[in-house]
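Visitor: Structure incoming, see below.
What follows draws every value from the coordinates through simple rules; no lab data is involved. None of the values given here were measured: they were computed from a predicted structure. FYI the Cβ positions are ideal-geometry reconstructions off the backbone, even for glycines, and counts take in every protein chain you see.
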Amino acid sequence: MYQQTRADQLPWLQAGTRALGTLQKDVAAGPGEFIPEEQPGYKFGYQEFVEKPYLSAQSAKGKRLSGETYKGLARYSQDYANTQYDNFLQRYYARLAPQQSLASVGQTTATNLGSSAQQSGSVLGDIAMSKGQAQAEGLINAANAKTQGYQSLLNTAGTVGGWFF
């Protein structure tokens with residue numbers, strides 16, 4: 001039964017093992033270098049959601065070319081870059097998730113196979129012990145029967161007057 005269980009579970013164990021190898025390589029490689037301009041939609045988002053609205057607001061106040069405007073734009077640009085970096089990391093972690101799930105399936109399968117092996121070993125041990133106990137009981141019963149037979153023979157010989165010896 002254990003061998004059948006192992007054969008049934010083997011594809012899951014192998015898939016988990018392969019996924020773990022891939023996951024280890026991906027984690028070791030890391031997310032890569034964050035180059036803002038190469039991120040999807042970065043340039044458009046920066047222009048449409050940071051630069052244009054902020055510069056328009058500063059122009060309306062008559063401060064478009066002021067140091068305050070450039071300082072504020074630098075702060076908003078940094079905040080936008082931080083948000084984009086967080087998105088970059090989230091995409092990296094999302095790429096790892098399927099491999100993590102498969103590796104987890106493999107780990108669970110390995111644990112289940114270990115439990116199955118332990119249960120099989122326990123059952124086989126119980127069977128061997130029961131067989132040994134049955135054999136021992138048979139030998140003890142045989143010895144008791146012989147002892148009772150000899151005892152009966154001796155008792156009979158003693159009542160007949162000792163003619164047996």
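Visitor: With a sphere of radius 13 Å drawn around the Cβ of A57, what net charge do the other residues whose Cβ falls strictly inside it have (Lys, Arg +1; Asp, Glu -1)?
Guide: Result for the local shell: +2.
Visitor: Taking only DSSP H segments of four or more residues, each worth -39500 (n - 2.57), what value at 222 nm results for the chain once the sum is divided by all its residues, to the nearest 500 deg cm²/dmol?
Guide: Computed mean residue ellipticity for the chain: -30000 deg cm²/dmol.
Visitor: Using 0.36 nm per residue of separation minus the Cα-Cα distance, give me the extension gain between L96 and I35 in nm, one decimal.
Guide: Full extension from L96 to I35 adds 19.9 nm.
Visitor: If R0 is 25 Å, what FRET efficiency do you get for T108 and Y85 from their C-beta distance, rounded to 0.05?
Guide: The pair T108/Y85 has a calculated efficiency of 0.15.
Visitor: Distance from a point 7 Å along Cα→Cβ of A57 to each backbone N in region 63-89: keep the residues under 19 Å and list them by number.
Guide: In region 63-89, the label zone of A57 (backbone N under 19 Å from the point 7 Å along Cα→Cβ) covers 63-84.
Visitor: Taking R0 as 45 Å, what FRET efficiency do you get between V27 and S130 from their Cβ-Cβ distance, rounded to the nearest 0.05?
Guide: 0.35
Visitor: Something else about it: Any idea what Rg and Dmax come out to for the chain if you just take the C-alpha atoms, in Å?
Guide: 41.0, 141
Visitor: Also: For the chain, what does the relative contact order come out to in percent, with C-alpha contacts under 8 Å and a separation of six or more?
Guide: Relative contact order comes out at 39 percent.
Visitor: Of the lysine pairs in the chain, how many meet both conditions: Cα atoms under 18 Å apart, and a spacing of 8 or more in sequence or different chains?
Guide: Counting lysine pairs in the chain gives 6.
Visitor: Roughly how big is region 1-160's charge dipole about its Cα centre, with Cβ charges of +1 (Lys, Arg) and -1 (Asp, Glu), in debye to the nearest 20?
Guide: Once rounded to the nearest 20, the dipole reads 280 debye.
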